[in-house]
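To start, the structure under review is shown below, and the notes come after it.
Where a number appears in this text, it was derived from the coordinates with a stated rule and is not lab data. Note that this is a predicted model, so its numbers are computed, not measured. Methodologically, a virtual Cβ is constructed for each residue, glycine included, from the backbone with ideal geometry; neighbour enumeration extends over all protein chains shown.
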């Protein structure tokens, strides 16, 4: 999470948590289910199909791009000249 917050530009952080009220399940059972179905992401596994109900966990992508404000400022500076 910290790496995403400190990332220059856009960072998308998704946090999954159990909701026993909505799903009408016991919280501990839901946490165990998340742990069983979560598959640690790695580049060598990214093309492997996941089994039904499984999901990736971890850092799925990391690429550097200029921030929107930085790009916008370059455009403004270009037309000021």
Could you tell me how many degrees, from 0 to 90 and to the nearest 10, lie between the Cα long axis of helix 68-80 and the main elongation axis, the longest principal axis, of the Cα atoms of the chain?
10
Dividing the Cα radius of gyration by the Kirkwood radius, what Rg/Rh value follows for the chain?
1.19
Under a point spin-label approximation (7 Å from Cα along Cα-to-Cβ), what is the residue 52-residue 79 distance to one decimal in nm?
5.4
For the Cα atoms of the chain, what angle does the longest principal axis make with the long axis of helix 27-37, in degrees from 0 to 90, nearest 10?
70
Residue 19 paired with residue 71, simple spin-label distance in nm, labels 7 Å along Cα-to-beta-carbon:
3.2
